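Data block below; observations after.
The values are calculated or read from the model by the stated rules, or taken from the named source; none is laboratory data. Since we're looking at a predicted model, the values are computed, not measured. Cβ sites come from the backbone with ideal geometry, for glycine too, and all protein chains shown count toward neighbours. Side chains are part of the model used for accessible areas, which takes the heavy atoms of the whole protein and leaves out ligands, DNA and RNA. Shrake-Rupley method; radii C 1.70, N 1.55, O 1.52, S 1.80 Å.
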Amino acid sequence: MLRFFRCRHYPECGKKGDPYCENHGRYYGAKIDAWCKMEKEGKKDTRPRVRKAHMAFLKDLDERPLRINVEPTNICNANCSFCAKKYMKRKLGVMDFDTYKDILRQAKDMRIPQLKLTPLIGDPLMDPMIIDKIMYAKSLKCFEKIYFVTNLINLQDSAEALIKSGIDDITVSTCLQGREDYRRIYGVDAYDKMLTNLKALLDANNRHGKPVEIKVSLRHDAGFDLKKTCIDELPIERDRIDVMEIYDNWGGSISQKDLPSGTSFRDPGDMRIPCSQIYTGPYVSHTGDVGVCRCRDYELVLKIGNIREQSLKDIWHGEKFRRLKQAWWDGNIPPFCRNCYTYDSLYKNTLVIQHARSKDPLLKIERGIRRAIIDAGKAAGKEL
């Protein structure tokens, strides 16, 4: 098993206290002294080793997704100003249980470790079978984490059942600025209902010993004083609540006027490295269509197959998906992605970073090896 060791030359590297040598990347513990010394003396070029490590890592990602994103439904009971729901043309519906079970069984066979039940557009609680679907996923005993994001409007009397269903993580997207501002931002008059549901969910979780990680993500106007809200009345730790200030444009569908007052769009930055969405795992819609972006491709423009026509494994390893990845490495970014502010570099994605650290200590990005990483990606793509 690979282990991380402190670089014993850290005083010379100028990074005292760091668990690795910033100048040299992460190395195998048994060889760290020799490698650091050779690097200092200029006797060894890291780039070939970095290139080899990244090629192996990319092939590992190609073999097994880190997560599967399943759309239980694309029906939503809110009309959020910052969401592209009003532009979606896909047919509304709920995934039938047989299709859902087939997808999860295939995911188990592929050893996919995480299950996300957040729709691109929609709310998972609009699926009348969502509790049963979570319980079935838990019964497979193959997912390290099962989670979703919800506006919580449709929780009704299901707080206890949801907490006991086997769900591991719930993020509640909401607004606590008051009834009028909630209606302005979320597009529905459901503030009181949401607040009642939120308190019921938190109370149920606390009663059962907090088996579920619950976070509250607030969509507020910039600078709004949280002391003016009911935040202190909620039975949840303050560090479990955050205020979203940076938004994305849903691939160009949303403009500045659609955002909460004073908030802004995020800067996608340099897109030379492929977006993490195409590597972390497939998105399966309620109709069985399989896409590669679980974040903002609400019309499934980047569709690579359908679960009713091919197996999940065949789709993930298929020629259509391979060409899409290769296009990214070659700099031919899909038109849909070019104006997307949600772009997340493969090497900055939290899920990818966690997986990388478990695979090889060399997988660390530095300015001096950026070219090697890009070359590795191109080479790995061509060998798929």
Could you tell me which residue of region 226-254 is nearest to the chain's Cα centre (by Cα), considering only residues that are over 30 Å from E299 (Cβ atoms) and aliphatic (A, V, I, L, M)? I241
Could you say whether any residue in region 153-166 is open to solvent by less than 60 Å² (accessible area, probe 1.4 Å), not aliphatic (A, V, I, L, M) and not in a loop (DSSP other than H, G, I, E, B)? no
So which of Y191, Y136 ends up being aromatic (F, W, Y), surrounded by fewer than 21 Cβ atoms within 10 Å (Cβ to Cβ), over 30 Å from K108 (Cβ atoms) and modelled with pLDDT of 95 or more? Y191
Would you check if there is a residue in region 203-212 being closer than 25 Å to C83 by Cα and either out of contact with any Cys (no Cβ under 6 Å at 6 or more places or on another chain) or crowded, with 17+ Cβ neighbours inside 10 Å (or both)? no
Of the conditions (1) at pLDDT 95 or above; (2) of a type in the set (D, E, K, R); (3) within 26 Å of F97 (Cα to Cα), R294 clears all except one; give me its number. (1)
Subset of region 169-184 that is touching a Leu at 6+ places or on another chain (Cβ under 9 Å) and not in a helix (DSSP H, G or I) - its residue that is farthest from K101 (Cα to Cα): Q177
Check on T174, β-branched (V, I, T) and either closer than 26 Å to H208 by Cβ or open to solvent by 30 Å² or more (accessible area, probe 1.4 Å) (or both): yes
Which condition from (1) over 26 Å from C295 (Cβ atoms); (2) touching a residue at least 24 places away in the same chain (Cβ under 8 Å); (3) not in a helix (DSSP H, G or I) is the one that L202 breaks? (3)
Here's a check for you: in region 306-321, which residue that is of a type in the set (D, E, K, R) and touching a strand residue (DSSP E or B) at 6+ places or on another chain (Cβ under 8 Å) is most open to solvent (accessible area, probe 1.4 Å)? K320
